[in-house]
Amino acid sequence: MVVSLALAGLALRSGLALRRSRLGRTVRKPDARRAHLRFAKPAVVLLSLGFFGGLGSALWLRGWDVFGTFHGILGLFVIAFFGAAAVLGHRIETGRSQHFDAHARLAGVAILLSAIAAVAGFVLLP
Ligand code: HEM
Ligand code: HEM
């Protein structure tokens with residue numbers, strides 16, 4: 001999870017660089033979009049694996065209730081926002097959408113909630 005959150009952080013950084021160039025504040029590097037996708041895609045895949053791993057572990061190894069913790073509920077929102085950002089990001093990538101602001105906002109909320117989830121996850125560690 002630490003690795004996937006670090007990748008998501010790098011995705012945010014490269015995404016914000018794209019945003020600055022889109023708004024004309026900087027000149028865009030030719031491979032800037034590729035750099036963003038290089039971090040963003042693995043981050044979303046690893047976060048999804050971690051989500052289901054945490055859920056499986058809580059259910060089958062610990063015998064907890066489904067989403068019985070604050071961390072678990074937050075995790076649900078985190079994965080929903082990252083999922084929505086990824087779907088919209090993919091539509092932008094394939095030219096089917098121009099909703100850059102919405103993508104950036106969804107991703108921003110996802111990152112913020114995941115930071116809170118990370119803090120709330122530490123108390124659950126064995
Ligand atoms: C699979 C997941 C994702 C895909 C396919 C994707 C795709 C894209 C694409 C195609 C763009 C537009 C790039 C351009 O202007 O050339 C973009 C922009 C951006 N992305 Fe992503 N992205 C994904 C995940 C993320 C994540 C995880 C974050 C942050 C944590 C993020 C943050 C941003 C930001 C801030 C922008 C700039 C938006 C703007 O110009 O206002 N993206 N993304
Ligand atoms: C560094 C950050 C994180 C730490 C230290 C952490 C730690 C944990 C721990 C210790 C558990 C209990 C599982 C067990 O040991 O049996 C857990 C469960 C879980 N985690 Fe995380 N986690 C982190 C980040 C995340 C993130 C970002 C998500 C969402 C994408 C997430 C989603 C979940 C879910 C859904 C559960 C199941 C809890 C339940 O059903 O109530 N975790 N996590």
State yes or no: is Gly50 at pLDDT 95 or above, surrounded by fewer than 16 Cβ atoms within 10 Å (Cβ to Cβ) and more than 17 Å from Leu106 (Cα to Cα)?
-> no
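Within 10 Å of ligand 2 (Cβ to nearest atom), free of Cβ contacts under 8 Å to residues at least 40 places away in the same chain and outside any helix (DSSP H, G or I), is that true of Gly63?
On the way: within 10 Å of ligand 2 (Cβ to nearest atom): yes; free of Cβ contacts under 8 Å to residues at least 40 places away in the same chain: yes; outside any helix (DSSP H, G or I): yes.
Taking the combined requirement at face value, the residue satisfies it.
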Tell me, please, whether a residue that is of a type in the set (Phe, Trp, Tyr), farther than 21 Å from Val2 by Cβ and away from ligand 1 (no atom under 14 Å from the Cβ) can be found in the range 75-88.
-> no
Can you name every residue in the range 31-74 that is more than 10 Å from ligand 1 (Cβ to nearest atom), of a type outside the set (A, V, I, L, M), under 16 Å from the mean Cα position of the chain (by Cα) and under 20 Å from His103 (Cα atoms)?
-> Arg38, Ser48
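Can you give me the number of residues within the range 95-114 that are within 14 Å of ligand 2 (Cβ to nearest atom) and either without any contact (Cβ under 8 Å) to a residue 12 or more places away in the chain or over 17 Å from the mean Cα position of the chain (by Cα) (or both)? Working first, answer last.
As a first pass, look at the range 95-114 and keep what is within 14 Å of ligand 2 (Cβ to nearest atom): 107, 109-114.
Imposing the further condition that a residue be either without any contact (Cβ under 8 Å) to a residue 12 or more places away in the chain or over 17 Å from the mean Cα position of the chain (by Cα) (or both) reduces the set to 112.
Residues that pass the stated criteria total 1.
Can you say whether Gly108 is within 15 Å of ligand 1 (Cβ to nearest atom) and either under 22 Å from Leu37 (Cβ atoms) or touching a Phe, Trp or Tyr at 6+ places or on another chain (Cβ under 9 Å) (or both), as far as the supplied structure shows?
Criteria met by Gly108.
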List the number of the failed condition for Pro126; all other conditions in (1) more than 16 Å from the chain's Cα centre (by Cα); (2) within 9 Å of ligand 1 (Cβ to nearest atom) hold.
-> (2)
Within the range 21-38, identify whether any single residue is under 30 Å from Leu125 (Cβ atoms) and crowded, with 16+ Cβ neighbours inside 10 Å, and answer yes or no.
-> no
Subset of the range 59-96 [touching a Leu at 6+ places or on another chain (Cβ under 8 Å), surrounded by 14 or more Cβ atoms within 10 Å (Cβ to Cβ) and either modelled with pLDDT under 95 or farther than 23 Å from Lys41 by Cα (or both)] = Phe67, Thr69, His71
Looking only at the range 9-24, decide whether some residue is assigned to a loop (DSSP other than H, G, I, E, B) and more than 17 Å from the chain's Cα centre (by Cα).
-> yes
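The values are calculated or read from the model by the stated rules, or taken from the named source; none is laboratory data. The structure presented is a predicted model; accordingly, all values stated were derived computationally and were not measured. Neighbour counts are summed over all protein chains in view; Cβ atoms, including those assigned to glycine, are modelled from backbone coordinates with ideal geometry.
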